[in-house]
Amino acid sequence: MIGSYGNAGIGGLLRDERARICMQFSKSIGVTDPTSAELRSILEACALYSSSRWRRSHSLIIETDSLLATKWIQCPANSPHCFWDFVNKIISKGSVFEWKIAFVYREGNEAAHRLANQGIGRTTDLLCFNCL
């Protein structure tokens, strides 16, 4: 997600309790705005986690540097109408496992941003498990 409307990518990673990378993803999502890209990245993380073996034994903490996304997911009634679909899909997907969302400053989210930037224009999605 760079700037306003333009080609965008999403990316993220799943770490265990020792901060080891267990899964990472990166993909192109075409032309969109940064807020939609951030919400799509959160939704993708929820979808991947919900189908993983870890959802049975671990809770998920999603860290994002989007304060708006964090607030809207915590209180969906405050989200603008144009983002309701994303927010409701995230909440629905997260209803089958224990999770929370937390705001982190961008400096704490560099690995996810690098994966998102690599996703811009990517022709093949990246999904890597136990990527140490």
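Evaluation of residue 132 against the conditions (1) closer than 16 Å to residue 9 by Cα; (2) modelled with pLDDT under 95; (3) part of a loop (DSSP other than H, G, I, E, B); (4) not small (Gly, Ala, Ser) shows that the sole unmet condition is (1).
When the residues of segment 10-44 are filtered to those that are of a type in the set (Lys, Arg) and touching a Ser or Thr at 6+ places or on another chain (Cβ under 9 Å), the one that is surrounded by the fewest Cβ atoms within 10 Å (Cβ to Cβ) is 40. Suppose the filter is part of a helix (DSSP H, G or I), among the charged types (D, E, K, R) and over 20 Å from residue 125 (Cα atoms); does residue 40 pass it? When the stated conditions are applied, residue 40 does not pass them.
Listed here are the residues, each with its yes/no results for (1) more than 18 Å from residue 108 (Cα to Cα); (2) modelled with pLDDT under 95; (3) out of contact with any Leu (no Cβ under 6 Å at 6 or more places or on another chain).
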{"position": "25", "(1), (2), (3)": "no, no, no"}
{"position": "29", "(1), (2), (3)": "yes, no, yes"}
{"position": "42", "(1), (2), (3)": "no, no, yes"}
{"position": "45", "(1), (2), (3)": "no, no, yes"}
{"position": "50", "(1), (2), (3)": "yes, yes, yes"}
{"position": "56", "(1), (2), (3)": "yes, yes, yes"}
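When restricted to residues that are in a helix (DSSP H, G or I) and not charged (D, E, K, R), segment 74-129 contains 27. Does residue 92 qualify as being of a type in the set (Gly, Ala, Ser) and at pLDDT 95 or above? In short, yes.
Within segment 1-42, the residues that satisfy the criterion of being in contact (Cβ under 8 Å) with a residue 60 or more places away in the chain and under 19 Å from residue 69 (Cα atoms) are 1, 2, 8, 9, 10, 11, 12, 13, 29, 37, 41.
The values are calculated or read from the model by the stated rules, or taken from the named source; none is laboratory data. Please read these numbers as outputs of a predicted model, since none were measured by experiment. Please note: Cβ atoms are built from the backbone with ideal geometry, for glycine as well, and neighbour counts cover all protein chains shown.
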